[in-house]
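I'd like to ask you about the structure that follows.
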Amino acid sequence: MVTIREEKAADIAAREVLLDEACGPSRFAKASERLREGRVPADGLSLVAVDHGRIVGTVRLWHVIAGPGCAALLLGPLAVDPVHRNRGIGTALMRRVIARARLGGHRAILLAGDAAYYGRFGFTAAPTGELWMPGRYDRDRLLALELRADALAGARGLIAATGKIEPKPDLNLLIAATDGDRRPRRARVQRAA
Ligand SMILES: CC(C)(COP(=O)(O)OP(=O)(O)OC[C@H]1O[C@@H](n2cnc3c(N)ncnc32)[C@H](O)[C@@H]1OP(=O)(O)O)[C@@H](O)C(=O)NCCC(=O)NCCS
């Protein structure tokens, strides 16, 4: 049975393998990625689908502004393991993450994706006519769902990342850990000699 739950730190490696398989290396070249890189996703809005203990689906939402002063979320990537597609997992992830965003008081969700798929969840290109993303993208694929009436009315300008900056690993700690790894090995060699 497939369950949807919040992503945990232990899921990250499996999620990245899934995204590599589902989206390929081009995923890092997407305009949406420019709004995600180096940022932390919105609290409680990273979900995974799990089947018999295996991560088979993923979706995350990120804080952005849709032009000056207009807070919104950016959705993506959404991906389902190719073996598990057409079982409703993508739909379940979408419905759950939208419901959570609504409950959390968020006003609108943006994404770059196929209207033929995302239209079923209420996403359209109508509210995004005066918005643009950093980098290259297909304008017809810039879609939005307003969670509050007219949340994007008058929204105009660049979509920009506003999420918390991802913490960087502490270089001193990494060097200390590497150094610590080396010392016992040297000691072992000396003892053996
Ligand atoms: C898009 C995706 C998440 C859908 O996941 P899923 O679990 O198979 O979706 P569901 O089972 O809920 O829905 C399947 C339906 O969506 C349709 N569908 C899937 N991708 C579609 C697309 N790009 N355009 C239009 N319809 C699409 C299927 O034909 C099927 O239609 P049906 O309900 O009429 O039979 C999955 O195909 C995927 O991971 N694709 C690769 C990654 C991707 O493109 N992600 C989105 C942008 S990064």
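The values are calculated or read from the model by the stated rules, or taken from the named source; none is laboratory data. No experiment lies behind these values; they were computed from the predicted model shown. Note that we place each Cβ from the backbone using ideal geometry, even for glycine, and neighbour counts take in every protein chain shown. Areas reflect the complete protein model, heavy atoms only, side chains present, ligands, DNA and RNA absent. Shrake-Rupley method; radii C 1.70, N 1.55, O 1.52, S 1.80 Å.
Restricting the search to segment 12-54, which residues are among the aliphatic types (A, V, I, L, M) and open to solvent by less than 20 Å² (accessible area, probe 1.4 Å)?
So in segment 12-54, the residues among the aliphatic types (A, V, I, L, M) come out as 12-14, 17-19, 22, 29, 31, 35, 40, 42, 45, 47-50.
The answer is Leu18, Leu19, Ala31, Leu35, Ala42, Leu45, Leu47, Val48, Ala49, Val50.
Continuing with this model, one more query. Looking for whichever is more than 21 Å from Arg36 (Cα to Cα), within 10 Å of the ligand (Cβ to nearest atom) and part of a loop (DSSP other than H, G, I, E, B) here; the options are Arg120, Arg87, Arg148. Which one fits?
On the way: Arg120 fails: part of a loop (DSSP other than H, G, I, E, B); Arg148 fails: within 10 Å of the ligand (Cβ to nearest atom).
Just one listed residue meets the conditions, Arg87.
Please determine, by comparing only the residues of segment 134-165 that are in contact with a helix residue (DSSP H, G or I) (Cβ under 6 Å, 6 or more places away or on another chain), at pLDDT 95 or above and of a type in the set (Gly, Ala, Ser), which one is most open to solvent (accessible area, probe 1.4 Å).
Ala161
Here's another thing I want to ask about it. So which of Leu131, Leu103 is modelled with pLDDT of 95 or more, in contact with a strand residue (DSSP E or B) (Cβ under 8 Å, 6 or more places away or on another chain) and among the hydrophobic types (A, V, I, L, M, F, W, C)? Don't jump to the end; show me each part of the working.
Working: Leu103 fails: in contact with a strand residue (DSSP E or B) (Cβ under 8 Å, 6 or more places away or on another chain).
Going through Leu131, Leu103 in turn, the sole match is Leu131.
Pairs under 7 Å by beta carbon, first residue closer than 13 Å to Ile55 by Cβ in segment 7-33, partner charged (D, E, K, R) and open to solvent by 30 Å² or more (accessible area, probe 1.4 Å), six or more apart or different chains?
Arg15/Glu7
Next question. Could you tell me which residue of segment 59-71 is most open to solvent (accessible area, probe 1.4 Å), considering only residues that are in contact (Cβ under 8 Å) with a residue 40 or more places away in the chain and either within 16 Å of the ligand (Cβ to nearest atom) or under 14 Å from the mean Cα position of the chain (by Cα) (or both)?
Filtering segment 59-71 down to residues in contact (Cβ under 8 Å) with a residue 40 or more places away in the chain leaves 60-68, 70-71.
Subset that is either within 16 Å of the ligand (Cβ to nearest atom) or under 14 Å from the mean Cα position of the chain (by Cα) (or both): 60-64.
Values: Arg60: 21, Leu61: 0, Trp62: 14, His63: 65, Val64: 2 Å².
Here the residue is His63.
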